[in-house]
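For reference, the structure discussed in these notes is given below.
Read the figures in this text as sums done on the coordinates, not as results from a lab. Keep in mind that what you see is a predicted model, and the values were worked out from it rather than measured. Here the Cβ positions follow ideal geometry from the backbone for every residue, glycine too, while neighbour counts run over all protein chains shown.
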Amino acid sequence: MQTHRTDEAGNPAGGDSAGIGFMIRWQDGPVAHENPRDIPSGGPGGRNGAFLIEVLEVCEDRLEFYQQGRFECQENAEALAELRACIRALNSRLERRKLSGTLGTHQGT
């Protein structure tokens, strides 16, 4: 099940993603904080759901776990490399938005 919502201006406004064994409530709205991931869910500053990068990091951790055991394989190594590239790209975007002053807003991308 996937639900992706937008606000009246067409900006992302949270949503839910679920499947067997998981349920994700996505962040609804921007979070104005130097390190938005440091704000716990339900805390001050507007944190009310998961950020995409957090979910990718959980997947990265799980694949690393597989690679440390008997399920180590080339396909997992390739998937890890791609996940790490995604995480680097999203961290780069975060840093760029901090520098431009648009972090925590709907300005720009």
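A few points about this structure:
- Restricting the calculation to alpha carbons of the chain gives Rg and Dmax of 15.9, 50 angstrom.
- Taking 7 Å steps out from each Cα toward its Cβ at TYR66 and ALA85 produces label points 1.8 nm apart.
- Positive end of the dipole of the chain (Cβ unit charges, origin at the Cα centre): among LEU63, LEU103, ILE20, the Cα lying farthest that way belongs to LEU103.
- The angle separating the long axis of helix 74-100 from the principal Cα axis of greatest extent in the chain is about 20 degrees.
- Placing +1 on the Cβ of every Lys and Arg and -1 on the Cβ of every Asp and Glu, with nothing else charged, gives the stretch 2-100 a dipole about its Cα centre of roughly 240 debye.
- Annotation: the antiparallel percentage among DSSP beta bridges lying fully within the chain is about 90.
- Residue separation of ARG93 and ASP7 scaled by 0.36 nm, minus their Cα-Cα distance, works out to 28.7 nm of gained length.
- Mean residue ellipticity at 222 nm, helices only, the chain: -13500 deg cm²/dmol; runs of at least 4 DSSP H residues each add -39,500 (n - 2.57), and the sum is divided by the number of residues.
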